Amino acid sequence: MQFDIRRLDLYRKIPKDLTQPTSTGALISVCSVLFITFLFCSELLLFINTEVISELSVEDPVQHSEKIPVFINISLYKMECQYIGLDIQDDMGRHEVGFKDNTQKFPLGAGGEGCRFESFFLINKIPGNFHVSTHSSAAQPQNPDMNHRVHKLRFGMEMEEGKTVKGSFNSLEEVDKSKANPLSTHDYILRVVPTVYEDIQGTARYPYQYTYSYRDIVQYHHGGAAVPAIWFRYDLSPITVRHKEKRKPFYTFLTTVCAIVGGTFTVAGIIDSLIYTAYEVFRKAELGKLS
């Protein structure tokens, strides 16, 4: 006895002359195709785009380096460049007065009465401070005024353009203290948080986030003269924030597409059957009344 493989067909075909097309069925079919197309495009965009997963851990993300790069860009509107310098201190005994490497000064104003100060330097991974002051200058200004605007203060690497991650990577951006007491010493207390950003290719960058609090005080030298400065006191958090780009697996995308297509056609078929059945019942009732 020969076995007919067609008996295993789960999708039996109905001859066309046994089917009846309807306007309602055509409308439901068109709406179903449009709905499937919309959902498919939405899922395709979600599959192509990456999502960023964030988690916290207790670790040192850059164990191969004991230093953290720092970049500062600040404008002092009433202090000439010849008086301004950068001093760096930490709890390991580092004390550099008048740090000059990778440092630039740009005069501001018509007479050069102001100065934009930029510097790139390295700090140890321990509590410390760096401050912009006149301590390294041989001659001190007659009327020191450290009122300023912080354009940028960055710890670690800079985030790549186009990467949108919520965080405080440049909390002091454009902070304006230009109208404070001219004799005030400005004190910023910074809490620095290590951060790792890993893209979809597995390339890692190591920016640092930070939060700050601020106070200003007037300090006097032993001779009675005010000695204003701009202090940045930092401490490192043991918590590391890790961001990682991920993309949905292809099998998830394929499963979702199958669910969209199958679910839409199933629901559309149920709706079409209900409408057709209701129409037939109504039509038979009308014919019964007429007879």
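The values are calculated or read from the model by the stated rules, or taken from the named source; none is laboratory data. Just so we're clear, the structure is a prediction, and the values are computed from it rather than from any experiment. Please note: Cβ atoms are built from the backbone with ideal geometry, for glycine as well, and neighbour counts cover all protein chains shown. For accessibility, only protein heavy atoms count, side chains too; no ligands or nucleic acids. Shrake-Rupley method; radii C 1.70, N 1.55, O 1.52, S 1.80 Å.
Can you tell me which residues in region 210-261 are within 30 Å of Val62 (Cα to Cα), among the polar types (S, T, N, Q) and either open to solvent by 40 Å² or more (accessible area, probe 1.4 Å) or assigned to a loop (DSSP other than H, G, I, E, B) (or both)?
Scanning region 210-261 gives Thr211, Ser213, Ser237.
Out of (1) open to solvent by 20 Å² or more (accessible area, probe 1.4 Å); (2) within 30 Å of the chain's Cα centre (by Cα); (3) closer than 18 Å to Ser213 by Cβ; (4) among the hydrophobic types (A, V, I, L, M, F, W, C), the odd one out for Ala180 is which?
(2)
Does Gly111 satisfy being over 27 Å from Gln219 (Cβ atoms), out of contact with any helix residue (DSSP H, G or I) (no Cβ under 6 Å at 6 or more places or on another chain), open to solvent by 50 Å² or more (accessible area, probe 1.4 Å) and at pLDDT below 95?
Criteria met by Gly111.
Hey, among Pro15, Pro69, Pro21, Pro61, which residue is open to solvent by less than 90 Å² (accessible area, probe 1.4 Å) and either without any contact (Cβ under 8 Å) to a residue 24 or more places away in the chain or among the hydroxyl-bearing types (Ser, Thr, Tyr) (or both)?
On the way: Pro69 fails: either without any contact (Cβ under 8 Å) to a residue 24 or more places away in the chain or among the hydroxyl-bearing types (Ser, Thr, Tyr) (or both); Pro21 fails: open to solvent by less than 90 Å² (accessible area, probe 1.4 Å); Pro61 fails: either without any contact (Cβ under 8 Å) to a residue 24 or more places away in the chain or among the hydroxyl-bearing types (Ser, Thr, Tyr) (or both).
Only one candidate qualifies: Pro15.
Among the residues in region 100-107, are any among the aromatic types (Phe, Trp, Tyr), surrounded by 12 or more Cβ atoms within 10 Å (Cβ to Cβ) and over 26 Å from Ala226 (Cα atoms)? Please lay out each step first, then the result.
First pass over region 100-107, keeping only residues among the aromatic types (Phe, Trp, Tyr): 106.
So of that shortlist, the ones also surrounded by 12 or more Cβ atoms within 10 Å (Cβ to Cβ) come out as 106.
Retained after the next criterion (residues that are over 26 Å from Ala226 (Cα atoms)): none.
The answer is no; no qualifying residue exists.
Out of (1) out of contact with any Leu (no Cβ under 8 Å at 6 or more places or on another chain); (2) surrounded by fewer than 16 Cβ atoms within 10 Å (Cβ to Cβ); (3) in contact (Cβ under 8 Å) with a residue 60 or more places away in the chain, what's the single condition that is false for Ser273?
(3)
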